[in-house]
Structure formats: C-alpha cells, structure tokens
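Note sheet for the following structure.
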Amino acid sequence: MFKRIFYTQCQVRRLTTSCIKRNIFKDIKTLQPLQQYAPTFYTHGQHVKPLYQPSAFYAELKSRILSAKERVFIAALYIGHSEKELVDTIRTALSQSSTLQVHILIDCLRGTRNSKGQSSATLLLPLIQDYPKQIKVSLYHTPDLTGILKKALPQRFNETIGLMHLKLYGFDNTIMLSGANLSTDYFVNRQDRYILFDQQPELTTYYHDLLKLVSSCSYQLVPAQNNNSKYRLELSDSMADPVKESQRYKSLVHSRLQQFLIEYQNRKVQQENTMDTAILPVIQMGPFCIRQDEKVTLELLNIANQQQEKWTIHLTSGYFNFTDKYKAVILKTRAFFRFLTASPEANGFFNSKGVSKFLPPAYTHIEKQFYRHVKRAGRQDEISIEEYKRPGWTYHAKGLWVYFGNESRPSITMIGSPNFGQRSSERDLEAQAVVITQNEQLKNALHKEIDLLHQYSELVSKETFDRQDRRVPYGVRIATAFVKTML
C-alpha cells in the first residue's frame, strides 16, 4: 500500500510541517483525517529508534543526561526513593555544565509518598539546594482530590482519583517517549516500551513546552525555611490552588491547554526535504476536558474500518481495562486485533499486600468479560487475547501497532503513557505520539519490538478462565463494577 516517497523542493532540517502533507500523506490519503486533531512533525525514520529492554532504557537515560549541554527535562509519575544512581547522574551533569537547565515534573501525591523515610521530593531536594539556578522540580496535584475526600483517603488510595502520568525524557534536541517510570524494576525486569526520537529539535520543544505548561499549573518544590520540614510546595500567584479552588483551577488549566494545542496546530515550520516518517503528538487530560488522544485513536479505528483489505492492529496494555467506547468500536471494526496484556503473575500487584492483591483478579474479570463479548459478536477468529508471562518479570508496556492489508511489518505505532483505559481517558494526564512511517528500517525495528513482546506470551482461551488459579472471587467481581474507572 505504501509507495516510495518522491522528494520535492521543500527543504528543511530533520522536522517539517505543512507542505510535506502533499508527500507522505499523499501516498497514505486514508490517514489524512488524523491531521485535523493534532500537529504533524516530520523526520527521517532512521532517527526514530525503538529500545527493547529495561536495561537499554536505563543506559540511554543516563548517557543522554550526561551528554546534554542545554536542557534535560523529565516527566514521570515518580522517581523511586532508592534511585541514588540516577540522581547522582543528574548531579554530575549539572556540575559539568553551568549552562545546563534541568526540569523535572512528577505527580504530587505519588512524589510525596514516603517509603522508608524517603520520597521523590526528598530525593530531589538536595539538587535544588546545591543547584538552585539550574534545576526546577514541579509536582502536579489533581483538582479532583479535594475537601473531605482528600482528608479521608490514605496514601496509595488517594492516587486512584487522578495522577500526572506523562512519561517524557528530553535531552537537548532529543526526546524519548515511554510508559516507564523511574525506579529499579523499570530498569531491570519490568517490561515497557521506549522509543527515541533523535535530533528532533521541534518535536522535543513541543514536549518541553507541554511539560512547562503543566509545571506552571503545579506546585514547585523548594527548601523549607524552618526545621519542622525538609521542603515546602509553592504555587504561582497567578494560578488557582487545585485543592482549594478546584473549579477555577480546572478552568484556567483548560484555557492554557487549549491555547497550547491551537498554537501548535497552526504553527508552520520552514521546510527543506521531504521525509519518510510523520509524528503526531497527542495528549489526553480528562480533568480539563482535553480528549485529543481519544479522538485520534477512534479516528484511526474508523479509518481501519473503511479498508477493503483488513488491517491487523496490535494493542497492548499492562492493565486490561479498555474503555466501553473503545471496546464497542473495536467489536464493530473490520480489522484483525491482537491484544497483549499482563498475566496475573506479570501484574505489578501480584502477591502484594492489602487491598491491592485483588487487582490482578479484577483485571482477569474484566478480560474475561471482553473475551465473552468477542465470542458473542462472532469475532473470535479476528480478535485474540494473549498474556505476557515471563518468570521474574512484570509487564507494563502499552501502545498500538498497525499492519496495512497483507503487509508483514507495521507502518503505524502509538507510543506513550496511556493504557487505553478508564483512568487514562478520564482521570490522569497522558501524552503519546502517533508515528506513521514508510521507512523500511523503522518498520523492521517496530516489527522486532512486537516479536520480542510476544516471545513471552500465551494465547487466552476459555480453558484459561476455567483454571482454578484464574477463578475470580465473587466479592472482587462486585467491587470491580464500582471501581472500574479507577483501575
């Protein structure tokens, strides 16, 4: 279906928008509707590099931080309380260059949760004390956790209300998108996805601007002025407090996000050569009525439904809890679907203590319900579910790949933080990118990525759910219906 790109007179360096629409999208006209929802950046596919292992992600992260000259920006749910090596890497980078600016955005609820007397906030505080002009740490607090609810819900449980879930790792003119957080298991044996967009100044600036926008609506970590506490959280005078002025806060943030999206959608970049890969960054921020990611995903499924030659769409999430809207559309879409999710043993909450130990069976219950819907719709020959099961490993990967017609390698992927679930859609702040490519090298790399994930997968069948170890307690089935939007 793809034709080789023909080069025109438009010339830019690495990334371009606007006139390239006549090139890569000329050959894939069916995908043009996606551009109405998101800005489009262009690059050579050779600059887009999937990584395959947690160790490679960690090595790349440290290497890029140490080699950065101007900017390092990081958005993650949290930084593990024991990640001294990562913090020392940032410290070394700051000491090597007085011009380097570091900006870290984490979630306030998760980032201030203590574990063994330490938290992300206390871990990062010494960097602020030693390099106050070079590093900034921001902590986003959901506006949906207020009043009595905030006082009543204990730590861990309060995080179910909403989180800052972005996963952005920027270094000078390079951005790495992932679903991984920054703690030891994500560097060792928690499988996720990671794609490096190398030498992409405009795309990197887009994500840096997004991080700065969210940070401007967040608390700032500063050293305490007394001995009663180690740090304090400050909010800009121009920003409403998310806890005390929730509705005003939502209105202000919504306006800023809308303006951000409009400005980037209308932005034009000087052009040079045509490129073979398009990148459409999208965000989903339910608390502020921003549903860009959902619109693009549904449009992509709508396009798939119109194809004469059925596409094959791979969807993966560590947590099988797709929204009702997604499930309804998928069941009606003329395409082959292969789902990959975590087995109970590969779920990060497997054998955990307290209420969280019931989460793996809750996801099993949701998965079983969808399996039944597939059979009821007569789609069992076109829709399959597989589970990732690898001894000693957990599974946290998320995303989508599209194979056109009878093609043997994917031409589209979606990479980032969303899980396609209720939380991602309604409660959390999410960001990802749609990557459309005609580059043979990149197609091969994306195909390899899927192959490696499926290397440890097992096909789900009726017998799977009939096994004794997959029986879901009655109480869990009842509770799941009430807490589904928080999973």
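Tabulated results
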item	result
Helix-only mean residue ellipticity at 222 nm for the chain, each DSSP H run of n ≥ 4 adding -39500 (n - 2.57), per residue, nearest 500	-10500 deg cm²/dmol
Ranking of T341, T480 by count of other Cβ atoms within 10 Å, fewest first	T480, T341
Relative contact order of the chain, defined on C-alpha pairs under 8 angstrom at six or more residues apart (%)	20 percent
Cβ-based exposure ranking for R110, R471, in which fewest neighbours within 10 Å come first	R471, R110
Rotationally averaged projected area of segment 361-452 (alpha carbon convex hull; nm²)	8.1 nm²
Options T122, S138, L149, ranked by Cα towards positive dipole end of segment 46-272, top entry (Cβ charges)	L149
Span-rule helices in the chain, defined as complete DSSP H runs reaching 15 Å or more along the axis (Cα) with Kyte mean at least 0.0	54-67, 120-130
Rg/Rg_ref, the chain, where Rg_ref = 2.2 N^0.38 Å and atoms are Cα	0.96
Distribution of pairwise C-alpha distances over segment 175-225, 5 Å bins, in %	4, 16, 16, 16, 18, 19, 7, 3, 1
Segment 193-313 - Debye-derived log10 I(q)/I(0), Cα point model, q = 0.21, 0.23 Å⁻¹	-1.29, -1.37
Volume of the Cα convex hull of segment 336-406, divided per residue and given in Å³	98 Å³
Dipole magnitude of segment 46-272 about its Cα centre (Cβ charges: Lys, Arg +1; Asp, Glu -1), debye to nearest 20	460 debye
Residues T122 and N302, FRET efficiency given R0 of 35 Å [Cβ-Cβ distance, rounded to 0.05]	0.15
Debye equation applied to the C-alpha atoms of segment 46-272, log10 I(q)/I(0) at 0.12 Å⁻¹	-0.68
Distance between modelled label sites at Q53 and D469, nm, 7 Å Cα→Cβ extension	2.6 nm
Sorted by Cβ density within 10 Å, fewest first, the residues L149, L453	L149, L453
Charge context of V282, other residues only, Cβ under 15 angstrom, K/R +1, D/E -1	-2
Unit Cα scatterers, Debye sum, segment 297-420: log10 I(q)/I(0) for q = 0.10, 0.12, 0.17 Å⁻¹	-0.32, -0.46, -0.88
Cβ-placed point charges (K, R +1; D, E -1), dipole of the chain about Cα centre in debye, nearest 20	740 debye
Förster radius 51 Å - calculated FRET efficiency between E70 and K357 (Cβ-Cβ, nearest 0.05)	0.65
Stretchable slack from T485 to V222, in nm (0.36 nm times residue separation minus alpha-carbon distance)	91.3 nm
Cβ-based charge dipole, the chain, positive-most Cα from S408, F41, I330	I330
Pairwise centroid distance, computed over Cα atoms, of segment 221-267 with segment 89-145, Å	16 Å
Charge dipole (the chain, unit charges on Cβ, about Cα centre) - positive-most of L51, Q455, I303	I303
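Quick note: the coordinates plus some simple rules give every number you see, no bench work behind them. Remember, predicted model here, so these are calculated numbers, not experimental data. Virtual Cβ from ideal backbone geometry, glycine too; neighbours counted across all protein chains shown.
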